[in-house]
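Take a look at the structure below.
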Amino acid sequence: MKIQVKDLTAGFHKNTILENVSFEISKGGIWFLLGPNGSGKSTLIKTLGGYITPEKGETLYDNVPLENIPIKKRAKIIAYMPQKFYSQSMTVEDFVTMGATPYLSPFQQPQKSHREKAKKYIEEMGISHLSQRSTEEISGGELQLACLAKTFTQETDYILLDEPTSGLDVKRQQDFMKKVKALSKEKQNKLIVLSVHDPNLALQYGDGILLIKDKKVDIIPKTDEFAESLLKKLIPVYGNDLNLSEEGFLYWKN
Amino acid sequence: MKKRLLITALLWVALILISACVGRYPLSLEDIFLIITGRHQSATAVSLFWEIRLPRVLLVAYGGGALAVSGAVFQTLFSNPLVSPDVLGVTSGCSVGAVFAMLFLPSAVWIIQSSAFIFGLLVVAFALFLSSFVKSNRILGMVLAGIIVSSATSAVLMIFKMVSDPLNQLPKIEYWLMGGFQNATNSKLILVVSITIIPLILMYLLRYRLKVLSLGDEQAQSLGISPLKTRIFFIVLATLPVSAVVSVAGVVSWIGLIAPHIVRLCISRDISKNMGAVFFTGGVLLIAADLFARNISGLELPISIFTSLFGSIFLTFLLIRKFFDKKGGNRL
């Protein structure tokens, strides 16, 4: 269970977004990716999954470079939930079942066992009542839950989630994170990298934080001083108005 | 779902039977039964049925299905329900090939057909090559490349029409461009089926991958399917049937667009579940168009007159239905 990023440079059209980034995550759990808009959170996540080819550098999973892993095998190791996704009209159950695609042979359609797996995760997400509804008829937040269920149906050790809570209300964000936490500990530990905007979610549920700043990535491991060290690193990004409450939450003081 | 697929299949068979009976030389179902069992008295009826009627009916029934499946595949590949198999210029390529052969090559039917088939594939290959220059959005690149090649081929086609002999060649060209199955023979039927049966079966077997691809490139890749390779493979598979049918029958418009729509409206929107129904519906529509084309007047009329007419009537119906749709759905 280890992701290593070595000297990674990535961007679009000569516009470098990440420059000579190196870090290592060697422990399972939920790793939050923080950073202001446009800092490169999506770029990093897509590069980690191999959906963007970096200009320079490499990513290794359990010491194997990503480019040496064939695409079908990758899909059994790494699952990815994009920020924006299309879903052609299909039932939620069919949509979630697509998570089993890496386990199908080329001419195969999903079998009963794949559907059962999908149903299990649909139930865990609490959206069983929607399973026969069309993905075009449910709300954006519900679709995100369905997409998370699909991501877990893929049954991979590594999971990359790009702003999965962006369409959820405050209560649902908490529920969502609790589900991610519970599922991450199921069977064996999973390593989840998840980008969000709310640093408090990261403090609450994170086993560590990756902070993108000035094209670099800072690692903040979970320690007793988790909140304090995060605050120290966030002030140069968001300014001096950021404060830490006695309960250990970050808030803005005017 | 299964029941509705069965209904389309039965409708397809029924229309094949009707179409085999109806014509300038009408045959009854009893005649056909006697002919098939080899007990019919009239040699004319027997040879008419085996040499003219049957190849035509089967070519239309099969060709319509093949065009419809290709259309559905293209629509899914491009995530756009209004895309037709012509989006990459296959039909215009075939047209240029056919007209080129009529004007400049020795006049033989097989030369026109091969020229049309090859030009159709070449134009699509060229469009794919052009689209590879757009790295960021492959689908947009393909649509743009399709527009470019279609526009270029239509320019070439206009030049060909200009230089052709207006008395002898131009009517032949125009007639070809409107399509028709009047020259169907057993050998053409065998040719079309042998070129298209493998691509059709492969598209059917691989249909779940197509559905995964419809989630978008990143999602497909994260599920272990290489988006670019799969997309190009399906484009080749879907282009072969269109090119084959158009090269023997001329331009047959609209079937690839309407048949998948009807199936999506009435049966299922899921490409992994509706492909069989799309095939039969395409066949049914083309048989109907062909019935009109050869029976509405003493003269054999081009088939695209009827497919275009059906198409526009059907789209009008869709628009009006949407207008009155209280739920205000925004999907076509």
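Give a residue-ordered list of calculated ³J(HN,Hα) values for the stretch B:158-164 (Karplus: 6.51 cos²θ - 1.76 cosθ + 1.60, θ = phi - 60°; whole Hz; x for Gly, Pro).
5, 4, 4, 5, 4, 7, 6
Treat every Asp and Glu Cβ in the protein assembly as shown as -1 and every Lys and Arg Cβ as +1, leave all other atoms uncharged, and give the resulting dipole magnitude about the Cα centre to the nearest 20 debye. If you can, show how the numbers build up before the last one.
Numbers: 60 positive and 44 negative charges, 179 e Å.
For the protein assembly as shown, the charge dipole is close to 860 debye.
Using a 10 Å cut-off around each Cβ of peptide B:73-86, what is the average number of partner chain Cβ atoms that fall inside? Walk me through the numbers on the way to the answer.
Values: counts 0, 0, 0, 1, 0, 0, 2, 0, 1, 0, 0, 0, 0, 0.
Per residue, the average neighbour count from other chains is 0.
Do any of A:Lys117/A:Lys233; A:Lys119/A:Lys190; A:Lys6/A:Lys233; A:Lys6/A:Lys112 go past 30 Å between their Cα atoms, and which?
Beyond 30 Å: A:Lys117/A:Lys233; A:Lys6/A:Lys112.
Given the options A:Leu148, A:Asn240, A:Ala202, identify the residue whose Cα lies farthest towards the positive end of the charge dipole of the stretch A:148-254 (+1 on Cβ of Lys, Arg; -1 on Cβ of Asp, Glu).
Value computed over the given set: A:Leu148.
Dimensions of the stretch B:205-305 along principal axes (Cα, Å, largest first)?
Reported extents, whole Å, longest axis first: 59, 30, 19.
Of B:Arg207, B:Arg53, B:Arg24, which has the largest mean-square fluctuation in a 10 Å C-alpha GNM of chain B?
Greatest mean-square fluctuation among the candidates belongs to B:Arg24.
May I ask which of A:Lys27/A:Lys73; A:Lys46/A:Lys150; A:Lys72/A:Lys216 have a Cα-Cα span longer than 20 Å here?
Over 20 Å apart, Cα to Cα: A:Lys27/A:Lys73; A:Lys72/A:Lys216.
Given the options B:Ala152, B:Ile139, B:Gly179, identify the residue whose Cα lies farthest towards the positive end of the charge dipole of the stretch B:116-208 (+1 on Cβ of Lys, Arg; -1 on Cβ of Asp, Glu).
Positive-end residue among those listed: B:Ile139.
Quick check: from the Cα gyration tensor, does the protein assembly as shown come out rounded (a/c under 1.5), prolate or oblate?
Prolate is the answer for the protein assembly as shown, as a/c is 1.5 or above and a/b outweighs b/c.
Tell me, Kirkwood radius of the stretch B:116-184 from alpha-carbon pair distances, in Å?
After inverting the pairwise mean of 1/r, the radius is 14.0 Å.
Provide a whole-number value for the mean count of partner chain Cβ atoms within 10 Å of the Cβ atoms in peptide B:266-273.
Across the residues of B:266-273, the mean count of other-chain Cβ atoms within 10 Å is 3.
How do A:Trp252, B:Trp12, B:Trp254 stack up against each other in accessible area, from largest to smallest, with a 1.4 angstrom probe?
The ordering from most to least exposed comes out as A:Trp252, B:Trp254, B:Trp12.
What is the Cα radius of gyration of the stretch B:62-219 over 2.2 N^0.38 Å, N being its residue count?
Details: Rg = 17.2 Å, N = 158, 2.2 N^0.38 = 15.1 Å.
In units of the globular-protein estimate, the stretch B:62-219 measures up at 1.14.
Rank A:Phe32, B:Phe33 by accessible area, highest first, at a 1.4 Å probe radius? Each step should come with its number before you reach the end.
On the way: A:Phe32 0, B:Phe33 120 Å².
The residues order as B:Phe33, A:Phe32, largest area first.
Can you send over the solvent-accessible area of B:Leu144, 1.4 Å probe, protein chains only, in Å² to the nearest 10?
Near enough 90 Å² of accessible area.
To the nearest 10 degrees, how steep is helix A:170-184 against the longest Cα principal axis of chain A, on a 0 to 90 scale?
Value to nearest ten degrees: 70.
Using the Cα centre of chain B as the reference point, and only Cβ charges (+1 on K/R, -1 on D/E), how large is the resulting charge dipole? Debye, rounded to the nearest 20.
About 1100 debye.
Could you give the angle, 0 to 90 degrees to the nearest 10, between helix A:140-153's Cα long axis and the longest principal axis of the Cα atoms of chain A?
So the helix axis and the longest Cα principal axis differ by about 80 degrees.
With the dipole of the stretch B:31-173 worked out from charges on the C-beta (+1 for Lys and Arg, -1 for Asp and Glu) around the Cα centre, which of B:Val46, B:Val124, B:Thr91 lies farthest toward the positive end?
The listed residue farthest towards the positive side: B:Val124.
Straight-line reach from A:Lys171: which aspartates and glutamates fall under 15 Å, measuring Cα to Cα and dropping same-chain residues less than 8 apart?
Reachable aspartates and glutamates: A:Glu142, A:Asp198.
For chain B, set up a Gaussian network in which alpha carbons nearer than 10 Å are linked by springs, and say which option among B:Arg39, B:Arg138, B:Arg209 fluctuates the most.
B:Arg39
For A:Lys56, list long-range residues whose amide hydrogen, built 1.01 Å from N in the peptide plane, is under 5 Å from its own amide hydrogen.
Under 5 Å from the amide H of A:Lys56 lie the amide H atoms of A:Thr9, each far enough along the sequence or on another chain.
What is the sum of charges around A:Leu8, taking Lys and Arg as +1, Asp and Glu as -1, for the other residues whose C-beta is under 13 Å from the C-beta of A:Leu8?
-1
Stokes-Einstein at 4 °C, 1.567 mPa s, Kirkwood radius from Cα pairs: D for the stretch A:99-254 in µm² s⁻¹?
Stokes-Einstein gives a translational diffusion coefficient of 74 µm²/s.
Can you work out ³J(HN,Hα) from phi for every residue in the stretch B:103-113, in order, using Karplus 6.51 cos²θ - 1.76 cosθ + 1.60 and θ = phi - 60°, giving whole Hz and x for Gly and Pro?
Coupling constants for the stretch B:103-113: 7, 10, 10, x, 7, 8, 4, 5, 6, 4, 4 Hz.
Cβ under 15 Å from B:Ile287's Cβ, B:Ile287 left aside: what net charge do those residues give with Lys, Arg +1 and Asp, Glu -1?
+2
Over chain B, how many pairs of lysines fall under 21 Å by alpha carbon, counting only those 8 or more apart in sequence or from different chains?
Details: B:Lys2/B:Lys211; B:Lys2/B:Lys273; B:Lys3/B:Lys273; B:Lys135/B:Lys229; B:Lys161/B:Lys172; B:Lys172/B:Lys188; B:Lys211/B:Lys229; B:Lys211/B:Lys273.
Value for chain B: 8.
Can you give the accessible area of A:Phe12, probe radius 1.4 Å, in Å² rounded to 10?
About 100 Å², ignoring ligands and nucleic acids.
Could you sort B:Arg294, B:Arg269 by accessible area so the largest value comes first, with the probe set to 1.4 Å?
Descending order: B:Arg269, B:Arg294.
Per-residue mean of other chain beta-carbon atoms within 10 angstrom of the beta-carbon, peptide B:210-216?
5
The values are calculated or read from the model by the stated rules, or taken from the named source; none is laboratory data. On a predicted model such as this, the values are computed, not experimentally measured, just so you know. All Cβ positions, glycine included, derive from the backbone under ideal geometry; neighbour counts span all protein chains shown. Side chains are part of the model used for accessible areas, which takes the heavy atoms of the whole protein and leaves out ligands, DNA and RNA. Shrake-Rupley method; radii C 1.70, N 1.55, O 1.52, S 1.80 Å.
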